[in-house]
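Novice: Got a structure here, written out as structure tokens. Questions coming.
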Amino acid sequence: MNAVIAWFAENKVAANLLMVFILIAGALSLGSARKEILPNISLDLITITAAYPGASPEDVEKSVITRIESAIYDVEGIKSLESRANEHLGLVTVEIAYGYDVKEVLNEVKARVDGIGTFPSDVERPIIKEISVRNLVAYVLISGPADMRSLKNIAKNIKSDLTALDTISQVEHTTSKPFEIAIEVSESSLQRYGLSFTEVAAAVRQSSLDLPTGVIKTAQGDISIKAKGQVYWGDEFEEIVVRALPDGAQVLVRDVASVTDGFKAGLSSAEFNGQPAVALSVYRVGQQNILDISDALKEYVANPRTYVPDNIKVEVWQDSSVYFKSRMDLLTENAVGGLALLFVILLMFLRFGLSFWVSLGIPISFMGAFWLLPLFGGSINMISLFAFILVLGVVVDDAIIVGENIFTLHRKGVVGLKGAILGAQEVAKPVVFAVLTTIIAFLPMVFLPGPEGKLMQVIPIVVIATLIFSLLESLLILPAHLSGTKGDDIDNIPVLGKVQARFSYGLERFINYVYKPFLEKCLTWRYMSLFSFIAILIVAFALVGSGWLKLVMFSTIEGDTARSEVTFAQAAPITVVRQGIKSLENAAFEIKRELKQETGEEQILHIFTTYANETSGSIVIELAASENRKISGTMITDRWRKKVGDLPEVTELTFKSTLSQTGSSVNLELSSNSLEDLKAASEGLKARLAEYDGVYGITDSFQKGKQELQIELKPVARNLGLSLDEVAAQVRQAYHGAEVQNLQRGENDVKVVVRYPAEERSSLWYLENMYIRLRDGSSVPLLTVADIQYGVGAAYIKRHNRRRIIQVNAKIDDSISSEVKVMTAIKAEFLTSIADNYPGMRWAVAGSQKDKAEFQSYLKTSFFFALLGMYVMMATLFRSYAQPLMVMFAIPFGLIGALIGHMLLGMEVTLWSLVGMIAVSGVVVNDNLVLVDYINRKRDEGESLMDSIREAGAARFRPIMLTSLTTFGGLTPLMLETSLQAQFLIPMAVSLAFGVMFATVVSLILVPAAYYILHDFESALTSILKGKPSADALPVTDGLAGSVDGIAGLASAAVPTSGSDMDEKRQWHVGLDEAYEQGHKDGLTGSTPRNAPYDLEVLVASWEAGWDDGREELEMSGGKPAKG
């Protein structure tokens, strides 16, 4: 390594070429790198969707869900199964275990499901697919006073134009009803012509189709034959012949039915600012660039190629590139601001040239990371930009250590090339190991489980790549640049030189007259110093445990939108649902007008309303940008909630204006095969939770469904040759409809459905008097052959790992209680006995609570292995088993500053705070590695322990202080940011900035004291094991072995025999090596009697051993000891 450093320092051309290559490679890679909001990742989920038209949730569960679960539950790689049986539809979600290939599991699941041959005939072919993050760029909204068909036609033309552009390839329709041709045939018409429902459906199915019929091979070539009869439009379906009579008369579809060529029935629709709207979702795929797509959309909307009437508006909405640009601007501004502050701080202590070349390490390291990022599948996205901002605070630490060491040698007269080479070589080993330990600290994040782990995977990649190039720059490029600098302490620039002189003089005075005496006091009272730090650590952790500092996954951050979602009871009439959603929308418009009058500016920009289906909908309010908003999103949301009030038939109504979940929550899952037990247990659990202070918003996932009619055949039905299957099929066809065709009309799939008219499908009288066709062609009313029972079914059925479940959720007011308190109480008072009260029932945490528990479990395991790796690295460097433990012992103390910073700023400790704390751990280890290595080198040179520690503290004071100040300065602009984009990052910046500042105290005070204490322990244990200490028995780097008595004796320490003679009788803090050295010196004098100046037996033994060795050396050298 030393040879490589020397070669690059001597060969400036090579060093400069390396620097230029890194900069150019990074710039080229940055220009061509994929730019996106979030990286494309698999969510490790597979969904199986199976439609069962006309079936109730119970039927879907029994006939679809359980059969799929039984077929796939034992596939290797499946972690869990989540199932939901809805009306007409079954959904099974498969979670893939960590470490398994999703594609392989997907193929096996497909094979198992395709092999199921026991589905009812009406069950449609299951759709099996992998779920992954899709990169939505923006919505294109087409809105105005027009009917749905006109809007969809305009949207279809715009979609064709957009996909024809080079930069856009994926555009999808959203929030619009699908096309449908409805053939509604009434029972009276069927009776009039003597037709059956099945006959009409069969006529449509068999008459509207194109069929290939063969090939004629002629001399001129093959000619294909096709039977062509497919019709595509409603008026064409009206002309289909249902029955042809012998006299030539024909019964057409229009004679017995009304044909409507329109849209699928239901509420599914959207409105934008109160006008009907159709939305197109534009996605980024492959290597496409989010900025290019956004620019193309804006250009198209400004000049659309298709005709758009004047009263129709085409707008780009929710453009995610805005957030991407904001994050890029944030990185750029903070990087420039941080670099400027860092440079100014360095100028206060170092020369201009040295400060410049050290600061240049930031762009070089960043460009190197940009170069490597695409090679590891990374991209420029919001998460990777997080990582660059994080590493901004620590990227120049190694360059500062190398540069400052070269500066120190220059001050000692070792200037020019020799000073640059020796300065870099002197600290090369600890710097390399410091970077490696930081890399190890971040390495577990590469293997974080789950989708969140995949999203965060780019953070360690960016940090590691940046640190590697920072190391290369500091050891191979920086020495070459500093080899030509002068040996002056300060610059010759008039003003700057004076400032540097004052700072340099002030720093030296502080080191000599403040720090050194204080360090000596701390070393003298080293055990008291250690206990003081331990006390501070206990207080810091108590702040977290007591709730003063709250630990959450993500902090509460206001967004630029407010959203309300509403769900109505399954039995709620469509008119009630529409009126309820309209009430939410009207309340939003009222608040929009009120805020405009109160503030004079638009606080609400747009309102987007979605009628999702027959029972739910949502309203999205786009707020003014956070920096321009005069009233908070939370206040707007609260006002909206109050104005809406209570809505009839509502089962769930939520309002949200934050980008993450607010407050703590309890998410519990009860599972059993008995639905009655589940309902009883969930009610008991909700009642118990309601007794706790601070717990509110208690709900469960069970919901009563629609009223249900159950048809049971009478004995007479068997006599007439009817089976239950035949009756059920006829009822399903009439009321749910029979899908007779699914045709392709242009780019649209159009279903053709035969069913009863709406008025007949909405009356029980028509059902009871519906005619059932017998096998001989005659018909009888339904009530003649069947009894109809009334009941209530489930709205939906949820299952987990093949068992029915009910989830109970509650919110917690963090100012009154906490998640830990509530969970501890509910476990003891209810959950532990739930299996006794309800046999076969189990409980588990679910939702965000489960995710947080799994994440914390992984962090504990991974952090242990990271510490183990760091220990191995430091043990290799120090050639000691004990010293790495001492350095690692300081890591928890480095976190104190991070916690104090959060407390002072009134912030919650979040997931991003923990990422910052990992970086703090690296900084603590880095500073201490160099410090301990310096102490060891001084001791190897023959200096005493006390002098080595004192000199190391003074020598490393400047670089440690510089790394801390530059880190804090580099992150200060980010901590002062008020923009929305910065709110995610601020907890991370606070952890790193305040943590590094406190780590300075740890490195300069605690670690020297701990080094001395470690030596005390080693000396005591060595003396106990060998019985007699000697110079060879007191190595600096011996390992630890144990004796409780020895440690206890050392801690109790020695007291002088005479309080009046403080010089001769040592205080309690004296170590065994000092006692031995003093005895050795006294023995060499020949005049000191063999009378130890200590009371403590272990110190007396050590002093006497030194005295004997000194006297022996004196006699062997021919000296004559004095009598006595």
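Novice: Taking the Cα centre of the chain as origin and charging only Cβ (+1 Lys, Arg; -1 Asp, Glu), how large is the dipole, in debye to the nearest 20?
Specialist: That gives a dipole near 920 debye.
Novice: May I pose another question? Taking every pair of distinct Cα atoms and averaging 1/r, then inverting, what Kirkwood hydrodynamic radius in Å comes out for the chain?
Specialist: Averaging 1/r across every pair of different Cα atoms and inverting gives 35.9 Å.
Novice: Where in region 267-291 does the label zone of His88 land, with the point 7 angstrom along Cα→C-beta and an amide N cut-off under 18 Å?
Specialist: Counting backbone N atoms under 18 Å from the label point, the list is 267-270.
Novice: So what is the diffusion coefficient of region 558-658 in µm² per second by Stokes-Einstein at 37 °C and 0.692 mPa s, using a Kirkwood Rh over Cα pairs?
Specialist: 239
Novice: Let me ask something else about it. Rounded to whole Hz and in sequence order, give me ³J(HN,Hα) for region 823-828 from the Karplus expression 6.51 cos²θ - 1.76 cosθ + 1.60, θ = phi - 60°, writing x for Gly and Pro.
Specialist: 5, 4, 5, 5, 5, 5
Novice: To make sure I understand, if each residue's beta carbon is the centre and we count other beta carbons within 10 Å, what order do Lys129, Lys35 fall in, fewest to most?
Specialist: By the 10 Å Cβ count, ascending, the order reads Lys129, Lys35.
Novice: Note down the magnitude of the dipole of region 142-258 about its Cα centre, charges +1 on Lys and Arg C-beta and -1 on Asp and Glu C-beta and zero elsewhere, to the nearest 20 debye.
Specialist: 200
Novice: Measuring from a point 7 Å past the Cα of Arg639 along Cα-to-C-beta, which residues in region 594-623 have an amide N at less than 18 Å?
Specialist: In region 594-623, the label zone of Arg639 (backbone N under 18 Å from the point 7 Å along Cα→Cβ) covers 594-608, 620-623.
Novice: Given Cα pairs under 8 Å that are at least 6 residues apart, what percent is the relative contact order of the chain?
Specialist: Computed value for the chain: 14 percent relative contact order.
Novice: Please give the charge dipole size of region 42-132, origin at the Cα centre, charges +1 on K and R Cβ atoms and -1 on D and E Cβ atoms. Round to the nearest 20 debye.
Specialist: Magnitude of the dipole: close to 140 debye.
Novice: Oh, and also: Run through the DSSP bridge list for the chain and note the antiparallel percent, rounded to the nearest 5.
Specialist: Around 95 percent antiparallel, to the nearest 5.
Novice: Please compute the alpha carbon radius of gyration of region 870-953, then divide it by the globular-protein estimate 2.2 N^0.38 Å. Two decimals is fine.
Specialist: 1.33
Novice: Choose one of Tyr73, Leu45, Thr118: the residue whose Cα lies farthest towards the positive end of the charge dipole of region 42-132 (beta-carbon charges +1 Lys, Arg; -1 Asp, Glu; about the Cα centre).
Specialist: Highest projection toward the positive end goes to Thr118.
Novice: What whole number of Å gives the distance from the Cα centroid of region 858-880 to the Cα centroid of region 557-613?
Specialist: Value for the Cα centre distance between the two parts: 54 Å.
Novice: Now a separate question. Going by C-beta contacts inside 10 Å, put Thr615, Thr218 in order with the fewest on the left.
Specialist: Lowest count first: Thr218, Thr615.
Novice: Separate question: Give me the distance between the Cα centres of region 25-90 and region 376-443, rounded to whole Å.
Specialist: 45
Novice: Now for a separate question. At Ile41 and Asn613, where each label point lies 7 Å from the Cα along Cα→Cβ, what is the point-to-point distance in nanometres?
Specialist: Once both label points are built, they end up 2.9 nm from each other.
Novice: While we're on this one: How much length is gained if the chain between Ile24 and Arg775 is pulled fully straight, taking 0.36 nm per residue apart and subtracting their Cα-Cα distance, in nm to one decimal?
Specialist: Result for the pair: 262.1 nm of gain on full extension.
Novice: Can you give the angle from 0 to 90° between the axis of helix 891-904 and the longest principal axis of the chain, with both taken from C-alpha atoms, to the nearest 10?
Specialist: Helix 891-904 sits roughly 60 degrees off the main axis of the chain.
Novice: Mind giving me the FRET efficiency for Ser723 and Glu747? R0 is 45 Å, r the Cβ-Cβ distance, nearest 0.05 is fine.
Specialist: 0.60
Novice: Another question, then. Sequence neighbours fewer than 8 away in the same chain don't count; with that in mind, list the lysines whose C-alpha is under 22 Å from Lys217.
Specialist: Within reach: Lys226, Lys228.
Novice: Can you figure out the FRET efficiency of Met946 with Trp7, using R₀ = 41 Å and their beta-carbon distance, to the nearest 0.05?
Specialist: 0.55
Novice: Between region 239-295 and region 697-762, what is the C-alpha centre distance in whole Å?
Specialist: Rounded to whole Å, the Cα centres lie 21 Å apart.
Novice: Find how much the distance from Tyr505 to Ser32 grows on full extension, using 0.36 nm per residue of separation minus their present alpha carbon separation; answer in nm with one decimal.
Specialist: 165.3 nm
Novice: Order by neighbour count: Leu623, Leu136, fewest other Cβ atoms within 10 Å first, most last.
Specialist: Sorted ascending by nearby Cβ count, the order is Leu136, Leu623.
Novice: Could I ask something else about it? Hey, what's the Cα Rg ratio for region 772-831 versus the globular rule of thumb, 2.2 N^0.38 Å?
Specialist: Taking N as the residue count of region 772-831, the ratio is 2.44.
Novice: Under 30 Å from the Cα of Lys35, which lysines turn up, not counting those fewer than eight places away in the same chain?
Specialist: Lys103, Lys129, Lys156, Lys159, Lys298, Lys313, Lys325, Lys454, Lys656, Lys852
Novice: Would you calculate the separation in nanometres between label points at Ser224 and Ile538, each defined as 7 Å from the Cα along the Cα-to-beta-carbon direction?
Specialist: The two pseudo-label positions are separated by 8.6 nm.
Novice: Helix-only estimate, please: 222 nm mean residue ellipticity of the chain, summing -39500 (n - 2.57) across DSSP H runs of length 4 or more and dividing by its residues, to the nearest 500.
Specialist: For the chain, the value works out to -16500 deg cm²/dmol.
Novice: Ranking request for peptides 22-33, 279-290, 511-522: highest mean number of other beta-carbon atoms within 10 Å first, then the rest in descending order.
Specialist: 279-290, 22-33, 511-522
Novice: Tally Lys/Arg at +1 and Asp/Glu at -1 over every other residue whose Cβ is under 14 Å from the Cβ of Asp933; what's the total?
Specialist: 0
Novice: May I pose another question? Calculated FRET efficiency, Ala111 and Lys1081, Cβ-Cβ r, R0 60 Å, to nearest 0.05?
Specialist: The formula returns an efficiency of 0.10 here.
Novice: Relative to the present Cα-Cα distance, how much length would full extension add between Lys103 and Lys498 at 0.36 nm per residue of separation?
Specialist: In short, 135.5 nm is gained.
Read-outs: derived from the displayed coordinates by stated rules, not from any lab. Everything quoted here is computed from the prediction, not taken from an experiment. All Cβ positions, glycine included, derive from the backbone under ideal geometry; neighbour counts span all protein chains shown.
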